[in-house]
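The next block holds one structure in the form of structure tokens; read it before the comments.
The values are calculated or read from the model by the stated rules, or taken from the named source; none is laboratory data. Every value quoted in this text rests on a predicted model; they were computed, and no experiment measured them. With ideal geometry, Cβ positions are generated from the backbone for all residues, glycine too; neighbour counts draw on all protein chains shown. The accessibility values were calculated without ligands, DNA or RNA, using every heavy atom of the protein model including side chains. Shrake-Rupley method; radii C 1.70, N 1.55, O 1.52, S 1.80 Å.
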Amino acid sequence: MVGTPGMMQLDDESMKRYLAEGYLTIQTDFPADFHRRIWEQADRTFEAEGNPGNDIYPRVKELGEVLDHPSVRAALTGVLGPDYIVHPHRHCHQTPPGKDGQSNHKDSYEDDENVRHHRSRWAMAFYYPQDVDEAIGPTAVTPSSQYFLESESLDALEELKLCGPAGTVTIVHYDVWHRATPNQTDQNRYMMKFLFCRKAEPTSPAWNLVTSSGGSFSRHPAICRHLWDWNRGDDQVEAVKIDPEEAADLEAELVDGSEPERIDASYALGEAGEVGRLLESLRRQTTLKLGLNLERQHTNAAQVDAVYGLTVAGSAAVPALTDLLQDSEWPIRAACSDILGNIGRPAASAVSALTESLSDGSEWVRRNAAEALGTLTAANAVSALIGSLSDESVRVRHNALLSLLKIGGPAAPAAAELRRALEDENQYVRALSRQTLRAIDKL
């Protein structure tokens with residue numbers, strides 16, 4: 001951390017560590033009795049009524065001070081940009097004495113299935129209100145695992161137990177693999193988890209950038225170089241020329257390689273502007289993986305490896321992806337609507353087509369298009385997003401609301417529908433409606 005009084009920022013090394021390893025650990029400087037009060041309030045709440053879920057935040061008012069700590073805000077700003085959104089999903093994890101550990105997993109929540117992206121648009125914070133050592137059951141993360149979906153890809157990585165004194169906060173990439181470890185003591189262990197998302201695409205570094213190139217990365221070099229540039233606001237890709245034989249080999253590896261090999265191949269094809277080969281892979285992979293994606297919990301139908309390369313290709317891929325929003329196969333339409341959003345600003349020309357996709361017959365297409373329009377902060381899509389607030393799918397309503405929240409002021413015409421959404425059956429729809437009304441100054 002660096003900065004002047006009242007303004008803290010991440011430095012280059014912290015940002016590089018986050019991109020490569022997927023986490024940053026911060027020590028807050030509140031007095032010991034501050035954290036003790038939080039622990040005691042959590043303990044009383046669990047004893048009296050069980051886990052309060054999302055309501056842990058309003059029950060324990062001091063948690064807001066933790067999230068507002070300058071070091072916490074600096075870390076979240078560095079990885080998500082200024083004005084990041086505090087999502088209404090949060091959870092207090094209790095590990096009672098003698099409880100076994102969890103299995104390794106990626107985080108999610110019940111009411112949405114987002115595509116796992118490499119770009120830092122989502123992050124979590126883990127907060128300990130007590131001293132945590134290995135015996136009491138710390139949360140463990142697997143550094144550098146955030147870019148993998150298959151547990152087999154973790155075999156070459158080592159787990160790290162997040163120990164530290166009361167007040168320790170760890171910021172983690174939303175997709176990092178993690179778990180609670182066994183509690184071998186006679187005390188309850190608490191960890192408060194919070195979810196955050198990026199409000200706007202990066203246009204400049206949100207940390208104290210000194211070295212524009214970022215230097216070398218020992219882990220995931222192709223991914224980290226791309227993300228370093230993207231996070232500092234450079235989303236224009238200059239294609240690297242490769243010969244047809246190398247391109248064909250990469251395309252074959254994207255089909256038959258291990259997950260790390262497939263990801264590297266996808267990035268290499270994207271950097272080379274091999275849009276045609278990536279689209280062929282996209283069509284093949286959506287067909288092969290559709291059944292598994294729909295069967296697995298918390299998995300979007302568009303979760304395929306070619307997404308990464310087409311995102312890297314950027315503007316070169318936009319015309320073909322936009323055309324494919326009219327494809328006869330809904331999985332292709334769903335994937336293309338997601339990729340266009342993931343590309344971000346260079347996909348601005350696709351806003352009109354994505355807006356039309358909000359009325360697609362497929363829930364997955366509508367859901368991914370609703371999310372994409374928020375990433376693109378498409379103010380001219382507000383009217384269509386208002387219509388999506390009455391969609392039968394909670395996934396669509398949730399993402400339409402999140403997009404209106406990202407769009408901000410121009411979403412003011414949605415006020416009447418947002419007030420109606422305050423009575424929605426879904427807790428996240430209600431909460432995001434309230435946040436959006438506050439953002440547009442209509443509550």
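Computed quantities for the displayed model
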| quantity | calculated |
| --- | --- |
| Candidate set: the range 235-264, residues that are touching a residue at least 40 places away in the same chain (Cβ under 8 Å) and part of a helix (DSSP H, G or I); chosen: the one surrounded by the most Cβ atoms within 10 Å (Cβ to Cβ) | 254 |
| Tally, over the range 70-119, of residues that are open to solvent by less than 50 Å² (accessible area, probe 1.4 Å) and among the charged types (D, E, K, R) | 8 |
| Cβ-Cβ under 9 Å pairs, at least 6 apart or on other chains, the range 34-48 side farther than 11 Å from residue 59 by Cβ, far side polar (S, T, N, Q) and open to solvent by 40 Å² or more (accessible area, probe 1.4 Å) | 43/94 |
| Filter pass, residue 341 being open to solvent by less than 10 Å² (accessible area, probe 1.4 Å), in a helix (DSSP H, G or I), of a type in the set (Gly, Ala, Ser) and closer than 21 Å to residue 109 by Cβ | yes |
| Evaluation of residue 432 against (1) out of contact with any Lys or Arg (no Cβ under 8 Å at 6 or more places or on another chain); (2) closer than 18 Å to residue 87 by Cα; (3) not in a helix (DSSP H, G or I) (one fails), failing number | (3) |
| Residues of the range 265-282 satisfying the condition of being within 21 Å of residue 213 (Cβ to Cβ) and either surrounded by fewer than 17 Cβ atoms within 10 Å (Cβ to Cβ) or not hydroxyl-bearing (Ser, Thr, Tyr) (or both) | 268, 270, 271, 272 |
| Residues satisfying the stated conditions in the range 344-363, i.e. farther than 20 Å from residue 309 by Cα, open to solvent by 30 Å² or more (accessible area, probe 1.4 Å), in a helix (DSSP H, G or I) and not hydroxyl-bearing (Ser, Thr, Tyr) | 356, 363 |
| Residue pairs meeting the criteria (Cβ under 8 Å; at least 6 apart or on separate chains; first among the β-branched types (Val, Ile, Thr), in the range 98-126; second open to solvent by less than 20 Å² (accessible area, probe 1.4 Å)) | 115/300; 115/302; 115/303; 115/307; 115/338; 115/342; 115/368 |
| Scan of the range 145-177 for residues that are acidic (Asp, Glu) and open to solvent by less than 10 Å² (accessible area, probe 1.4 Å), ordered by number | 175 |
